[in-house]
Amino acid sequence: MVTAELEPPAGAAELDALQQEGVVALLDRRLALVEGVTGPDETDIDVLDFRISTRPNGANVELLLDAPTLAAAEWAAATVLDELLGEIELLHAWTVADSEVRITEDEFNQSLAAADELAEPDGAPAELQAAVEEALESAPEPSWETDRWRETLLECAERMGAFGAEAFTPPGGSADAAKLAAGALIHAVRVVTDEIFYDELSLAINNATVHEAAGLLVLEELPDCYAEHYDSTFARAFLLSSAVVAQRLTAPEWIPPRCTAEALALRLFVHEAQVLLEAANLLDLPASDPVFRQFASVAFADTGHEELYDIDVQLDEDADRALLTEVEDRLRERGLAFDQWFTPRAGADRSVHPYLHFL
């Protein structure tokens, strides 16, 4: 376990609570994609897990690494974080101030030696296991504060106006899980909204689409078949649709997504909520899946948008014309063709933000 301290540039103002959450979101998205690094001696060093915590004057990142030596582990952690900071535009001026192992080989070996002395003549494996666990537990606990997250999400749950606990309670489900899921969904709105802003800026600066860009935070989670169409203009339009959905979550009565863009925005909120619950050690994915399946059954007018994720070809100008026509005709019949994404379905409120008329 390597602990690294990240620091903003000298003279930078202290981070407020929202900025600290933003730093966590930026690092979390990128670290989740890192599987490992090749060491100086061509050995593979695997990144097994990570935890991120923040403070007003920086952040701490704990990386669990499978490395041949302590030096290699510390080098790998510093290298990975240096590269990530360089790639994340909003953090490019930050630096890795320190990178060190929490528990050294000497401390670990001392614990094993103590186990040998305590072991019975025939060697008691239970004693050895206890010593190993003691050695590992001698390091400070991970800084991910589960209790703090529980309190935060329960407070967020109080802002959920459109749904009661029953919307998050599958057969046999618990009221506690329902409240945590509702709070996580509200909290996810803030995270996803910030990430769309970041992605829009990245696409605009680089005059790129999601298909061409790298290092995006959330728009790359949209159906890949239309990735060539997701540019900065689309990102702004999608942000408006997501804002409508977010506002409805706090309203007294729920209005289901009226169009494909709104349905996809709600899907992103749900996914982010599940990621948060697992990262905070409150509900893992197997536990949250039935909770959010129950929510989906009452929140979505239909789940036709899921069909877009099953298309494994790029629907752009380079696609085979016959195949493109065939697939888009089928999608158009379902109201899923890209030029229909922001058009409210029949029978729904047809009013849309004026910006969407210029797409």
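Among the residues making up segment 289-316, those that are more than 22 Å from residue 345 (Cα to Cα), acidic (Asp, Glu) and in contact (Cβ under 8 Å) with a residue 24 or more places away in the chain are 312, 316. Taking the numbered list (1) touching a residue at least 40 places away in the same chain (Cβ under 8 Å); (2) more than 26 Å from residue 85 (Cα to Cα); (3) crowded, with 20+ Cβ neighbours inside 10 Å in turn, residue 255 passes all entries but (3).
All conditions but one from (1) within 22 Å of residue 10 (Cα to Cα); (2) not in a loop (DSSP other than H, G, I, E, B) apply to residue 93; the one that does not is (2). Only one entry of 72, 59 meets the criterion of being surrounded by 16 or more Cβ atoms within 10 Å (Cβ to Cβ), in a strand (DSSP E or B) and small (Gly, Ala, Ser), and that entry is 59.
Determine whether residue 200 is touching a residue at least 12 places away in the same chain (Cβ under 8 Å), buried (at least 20 other Cβ atoms within 10 Å of the Cβ), assigned to a helix (DSSP H, G or I) and not hydroxyl-bearing (Ser, Thr, Tyr). Yes; evaluated as a whole, the condition is true for this residue. For residue 295, the conditions (1) loosely packed, with under 13 Cβ neighbours inside 10 Å; (2) assigned to a helix (DSSP H, G or I) all hold with the exception of (1).
For segment 1-43, residues that are under 19 Å from residue 63 (Cα atoms) and either hydrophobic (A, V, I, L, M, F, W, C) or assigned to a strand (DSSP E or B) (or both) total 19. Just a yes or no: is a residue in segment 281-295 at pLDDT below 90 and within 17 Å of the chain's Cα centre (by Cα)? So far as segment 281-295 goes, yes, one or more of its residues are at pLDDT below 90 and within 17 Å of the chain's Cα centre (by Cα).
As a summary of the residue check, residue 208 satisfies the conditions (1) modelled with pLDDT under 95; (2) part of a helix (DSSP H, G or I); (3) closer than 25 Å to residue 357 by Cα except for the one numbered (2). Here residue 248 clears all of (1) farther than 13 Å from residue 160 by Cβ; (2) among the basic types (Lys, Arg); (3) over 21 Å from the mean Cα position of the chain (by Cα) except the condition numbered (1). Within segment 154-193, the only residue that satisfies the criterion of being under 18 Å from the mean Cα position of the chain (by Cα) and polar (S, T, N, Q) is 193. Would you say residue 22 is assigned by TED's automatic domain parsing to the domain that holds residue 87 and touching a residue at least 24 places away in the same chain (Cβ under 8 Å)? Yes. The set of residues in segment 333-353 being in a helix (DSSP H, G or I) and over 31 Å from the mean Cα position of the chain (by Cα) consists of 333 alone. Of the residues 84, 65, the single one that is modelled with pLDDT of 85 or more, buried (at least 19 other Cβ atoms within 10 Å of the Cβ) and in contact with a strand residue (DSSP E or B) (Cβ under 7 Å, 6 or more places away or on another chain) is 65.
The condition (being surrounded by fewer than 18 Cβ atoms within 10 Å (Cβ to Cβ), among the acidic types (Asp, Glu) and either within 21 Å of the chain's Cα centre (by Cα) or assigned by TED's automatic domain parsing to the domain that holds residue 333 (or both)) is satisfied by just one residue among 262, 228, 220, 272: 220.
Among the residues of segment 35-52, the ones that are surrounded by 16 or more Cβ atoms within 10 Å (Cβ to Cβ) and modelled with pLDDT of 85 or more come to 6 in all.
The values are calculated or read from the model by the stated rules, or taken from the named source; none is laboratory data. All of these numbers come straight from a predicted model, not from anything done at the bench. Cβ coordinates were reconstructed from backbone atoms using ideal geometry, including for glycine residues, and neighbour counts include every protein chain displayed.
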